[in-house]
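The values are calculated or read from the model by the stated rules, or taken from the named source; none is laboratory data. Please read all numbers here as calculations on a predicted model, not as lab measurements. Methodologically, a virtual Cβ is constructed for each residue, glycine included, from the backbone with ideal geometry; neighbour enumeration extends over all protein chains shown. Heads up: the accessible areas ignore ligands, DNA and RNA and are worked out on the full protein's heavy atoms, side chains in. Shrake-Rupley method; radii C 1.70, N 1.55, O 1.52, S 1.80 Å.
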Amino acid sequence: MAITPVQDSRQLLARMAASRQLSSLDADTLAKLPLHSEEEILRWLADEYGLSFTTLEDVEPDRQILSLFPARILLKEELLPLQRVNGAVEVATSRLFATQGFDALKTLTGLNLKPVLASTEAIQREIKKRLGVGADTIGTLDEEKGLQVLDENAEGNDLDSGEEDEASIIRFVNQVLKDAIELRASDVHLEPFEDEFRIRYRIDGELQEVPVPAQLKRFQPAIVSRVKILSHLNIAEKRLPQDGRIKVRIEQAEVDIRVSVIPMLHGEAVVMRLLRQNSTLRGLGEIGMNQRELEHFQHVLGMPHGIILVTGPTGSGKTSTLYTALNEINDAVRKIITVEDPVEYQLKGVNQIQVNEKSGLTFARGLRSILRHDPDVILIGEIRDAETAQIAVQASLTGHLVFSTLHTNDAPGALTRLVDMGVEPYLVASSLEAVLAQRLVRVLCPHCKQADNSATAQTLKAKLGIAADKVIFKSVGCRECRNTGFFGRHAIFEWMDTDEEIRQLILKSASTDQIRNAARRAGMTTLAEDGWRLVAAGVTTVEEVLSVTTAKEVERSQKVESGETAASLAVAR
């Protein structure tokens, strides 16, 4: 049964009364008023009791004042000291009637405190920003629940049980992982330097530094050791690189974490790649392809055999695109087998093999074995060497539809790359059906993006062939996007079919430029041109497209006179 706004407001009032944000008398009064959010209720309380209300967006807490108060109490009671005004220290709180926190601070500091109302979310955000992620676990043994670490050899082993004697380091590592997962980070970087231990999250492809407690540096060895224990690595080995994995569950979602530990000058650095196992796959029509590319992709999915390659750098969404394609053709009449490192998504009805280099299960060995399992469709996580490339080509020539990824700058480069790896040109020409190159550009935050009506923007529209009446946008930055101006990412694509002309060029060992020109004549849209489509649609910015495409791509895609180059575009920027 759907919850009505009235029921929502009653639940909110009950929760606020239970946490002593409200008195029972105020809750009864507010139940009769059309107030449905915590902020609206707190604003009403501020007016009723003659207090101030703040969103904390434009307030910069005084660091000197903040240092006077114990972090343990601030974190536990969700209090944030702001500034000294007329002899009193203003302290942000959402719990007007929970006075024990104020009483404790007054007793410890002897200062006169004045409450200022702010929402719980705003206070928690600013406390994390000012005191750092995991400040409560570094200095205290406060209980922190919510992240369950799964040991594959002991299912259900909960290392975050919240027992009184549980080490703070355990909770700190768990909190960092929990925070990264909630912020949609793809990677967590733990980096040792001479005087600090830095933590950064890669969110939407960009590294963002995370505020951490100032005393974190002295806990560096313990934090790295904890990660090693979770990854089943040798904690005594500090001179050689090590690789491992962690599997965690948070709020019913499983995340597979690939861990890499490498010795650096000032200690061991750790990078953890987060792979969400339960991510929902979108349909092929929902991944943002232009109509031409979508129709061509759907056509090759119906082919009985051949190779379809997806190219691009690490982290450009290649595997997600391939999984979407597999999901499209996954039915009861096809046998689909994958060989991957790692298995990023678990697809129902698809046989998936995890590569294990240590035990000798490589891409090539796994691929040779699965050919004896009577597959119709094969997915190879990546073509890394000549042996894998040769077997993939042979599999396609013997009646299998083969999908794989390759690291090249664009679609035409994949053909010459296969030849360079030792595959005979005639085999490439006869087996390769299509190549899809892709990149990911950040999507403008819908809450703060602004129309760009500057003279530079008008010049850019003319250079890029964008209609004059189209509005292009610029990034700004707000609370919702962590002041980056972007939230989420969108793919741009470059689709190339291997038609008869291109097959002949492959047989002649033609250069990448010659193949590219032939593909352009056949209607191929470059990565940069597809990017300009998103710019015109208000999805991303010109700078974002330029950041993921090369100068040549930009030059080829400009709808300007032949004498102009990408350098002129850079000047216009």
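Annotation note: Cβ proximity below 7 Å between a residue of region 198-211 that is open to solvent by 50 Å² or more (accessible area, probe 1.4 Å) and a residue that is of a type in the set (Gly, Ala, Ser) (sequence gap 6+ or interchain) occurs for 202/185; 202/186.
Just to be sure before I move on: is residue 424 within 20 Å of residue 353 (Cβ to Cβ) and open to solvent by 10 Å² or more (accessible area, probe 1.4 Å) in the structure I sent? No.
Taken over region 90-105, the criterion of being of a type in the set (A, V, I, L, M) and touching an Asp or Glu at 6+ places or on another chain (Cβ under 9 Å) is satisfied by 92, 96, 98, 104, 105. Total residues in region 268-303 satisfying the condition of being modelled with pLDDT under 90, among the hydrophobic types (A, V, I, L, M, F, W, C) and farther than 13 Å from residue 325 by Cα: the figure is 1. Test residue 467 against the criterion of being assigned to a loop (DSSP other than H, G, I, E, B), open to solvent by 10 Å² or more (accessible area, probe 1.4 Å) and modelled with pLDDT under 90, and give yes or no. In short, yes. Considering every residue within region 310-333, establish whether at least one is acidic (Asp, Glu) and without any contact (Cβ under 8 Å) to a residue 24 or more places away in the chain. The answer is yes; a qualifying residue exists. Out of all the residues in region 364-414, which are hydroxyl-bearing (Ser, Thr, Tyr) and open to solvent by 10 Å² or more (accessible area, probe 1.4 Å)? Within region 364-414, 369, 398, 408 qualify. Looking across region 302-327, the residues that are in a helix (DSSP H, G or I) and either farther than 24 Å from residue 499 by Cα or more than 28 Å from the chain's Cα centre (by Cα) (or both) come down to 319, 320, 323, 324, 327. For residue 451, the criteria (1) loosely packed, with under 15 Cβ neighbours inside 10 Å; (2) touching a residue at least 24 places away in the same chain (Cβ under 8 Å) hold in every case but one, which is (2).
Across region 343-355, the qualifying residues are those that are surrounded by fewer than 16 Cβ atoms within 10 Å (Cβ to Cβ), touching a strand residue (DSSP E or B) at 6+ places or on another chain (Cβ under 9 Å) and closer than 19 Å to residue 282 by Cα, and the one among them that is modelled with the highest pLDDT is 349. Under the condition of being modelled with pLDDT of 90 or more and more than 21 Å from residue 129 (Cβ to Cβ), the residues counted in region 153-186 number 1.
Of all residue pairs spaced 6 or more apart or on separate chains, those with beta-carbon atoms under 7 Å, a first member in region 97-119 that is open to solvent by 30 Å² or more (accessible area, probe 1.4 Å) and a second member that is among the hydroxyl-bearing types (Ser, Thr, Tyr) are 97/23; 115/93. Which of the residues that make up region 514-526 are without any contact (Cβ under 8 Å) to a residue 40 or more places away in the chain and not small (Gly, Ala, Ser)? The answer is 514, 517, 520, 521.
Every condition in (1) crowded, with 21+ Cβ neighbours inside 10 Å; (2) at pLDDT below 95 holds for residue 435 except the one numbered (2). Being open to solvent by less than 40 Å² (accessible area, probe 1.4 Å) and modelled with pLDDT under 80 is a description that does not apply to residue 80. Of the residues making up region 250-261, just one is open to solvent by 20 Å² or more (accessible area, probe 1.4 Å) and either basic (Lys, Arg) or closer than 14 Å to residue 220 by Cα (or both), namely 258.
If the condition is being over 18 Å from residue 435 (Cα atoms), of a type in the set (A, V, I, L, M, F, W, C) and surrounded by 18 or more Cβ atoms within 10 Å (Cβ to Cβ), then region 297-342 contributes 336, 337, 339. Name the single residue that is surrounded by the most Cβ atoms within 10 Å (Cβ to Cβ) among those in region 34-58 being under 16 Å from residue 88 (Cβ atoms) and touching a helix residue (DSSP H, G or I) at 6+ places or on another chain (Cβ under 9 Å). Of everything passing the filter in region 34-58, 54 is surrounded by the most Cβ atoms within 10 Å (Cβ to Cβ).
Taken over region 262-296, the criterion of being assigned to a loop (DSSP other than H, G, I, E, B), β-branched (Val, Ile, Thr) and open to solvent by less than 60 Å² (accessible area, probe 1.4 Å) is satisfied by 287 alone.
Taking each residue of region 62-74 that is in contact (Cβ under 8 Å) with a residue 12 or more places away in the chain and looking for partners that are of a type in the set (Val, Ile, Thr) and open to solvent by less than 80 Å² (accessible area, probe 1.4 Å) with beta-carbon atoms closer than 7 Å, six or more apart or interchain, yields 65/89; 68/109; 69/109; 72/140; 74/127. From (1) under 22 Å from residue 131 (Cα atoms); (2) loosely packed, with under 15 Cβ neighbours inside 10 Å; (3) touching a Pro at 6+ places or on another chain (Cβ under 8 Å), pick out the condition that doesn't hold for residue 220. All conditions are met except number (2).
Set side by side, the residues 417, 442 differ, and just one is under 22 Å from residue 340 (Cα atoms) and open to solvent by 10 Å² or more (accessible area, probe 1.4 Å), which is 417.
Listed conditions (1) of a type in the set (Asp, Glu); (2) touching a strand residue (DSSP E or B) at 6+ places or on another chain (Cβ under 7 Å); (3) within 19 Å of residue 443 (Cα to Cα) are all met by residue 206, apart from (2).
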